[in-house]
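S.K.: Dumping the structure here so I can ask a few things about it.
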Amino acid sequence: MIYTGHKGPVYCGAFEGTGTYLLTGGHDKKINLYNVNSSKPVATYTGHSWEVHDVSIASDGRTFLSGGVDKTLLLWDVTAKRVIRRFTGHQHLINAVFLELRPLQPQRHMTEPSGSGTFDRLLAFH
């Protein structure tokens, strides 16, 4: 299947836990969400001011993290299509991001960003 929807190069992609959905980030500063059975995006997320270099979706599929050239990590709510939290502080572009589920309250789990890797040889834990 060929997925359309980005204007320019696509730099990253990540599947959610069941393999039904695919997130992609690209040069156009957008993140697209696809159902793998359809070639067109089911949702588009905008919030980065420069190209998106990596995305990582939580195992529960409710949130994802993105990072890129604007040196910013964004934690997104998939359904609401909005940024939950913005992380700043990197001095160079972000090349890699990853997530981990951490218990924040008894009997409740929330996705928290775990880390990011940057061009300045920095691995930051958030």
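The values are calculated or read from the model by the stated rules, or taken from the named source; none is laboratory data. Just so it is clear, the structure is predicted and the values come from calculations on it, not from any experiment. Virtual Cβ from ideal backbone geometry, glycine too; neighbours counted across all protein chains shown.
S.K.: If you go through region 85-95, how many residues are surrounded by 16 or more Cβ atoms within 10 Å (Cβ to Cβ) and either over 15 Å from the mean Cα position of the chain (by Cα) or of a type in the set (Val, Ile, Thr) (or both)?
M.R.: Residues in region 85-95 being surrounded by 16 or more Cβ atoms within 10 Å (Cβ to Cβ) and either over 15 Å from the mean Cα position of the chain (by Cα) or of a type in the set (Val, Ile, Thr) (or both): 2 in total.
S.K.: I need the full set of residues from region 1-15 which are within 11 Å of the chain's Cα centre (by Cα) and surrounded by 19 or more Cβ atoms within 10 Å (Cβ to Cβ), in order please.
M.R.: Selection gives CYS12, ALA14.
S.K.: So, in region 31-54, exactly how many residues are in contact with a Gly (Cβ under 8 Å, 6 or more places away or on another chain) and within 15 Å of THR72 (Cβ to Cβ)?
M.R.: So the answer is 7.
S.K.: In addition: Would you be able to say whether some residue in region 45-65 is more than 14 Å from LEU93 (Cα to Cα), at pLDDT below 90 and buried (at least 19 other Cβ atoms within 10 Å of the Cβ)?
M.R.: yes
S.K.: Tally time: how many residues in region 48-80 are under 12 Å from the mean Cα position of the chain (by Cα) and under 23 Å from GLY17 (Cβ atoms)?
M.R.: 20
S.K.: Can you pull out the strands (runs of 3 or more DSSP E) entirely within region 1-108 that have at least 3 residues that are of a type in the set (A, V, I, L, M)?
M.R.: Qualifying strands (runs of 3 or more DSSP E): 52-57, 73-77, 94-105.
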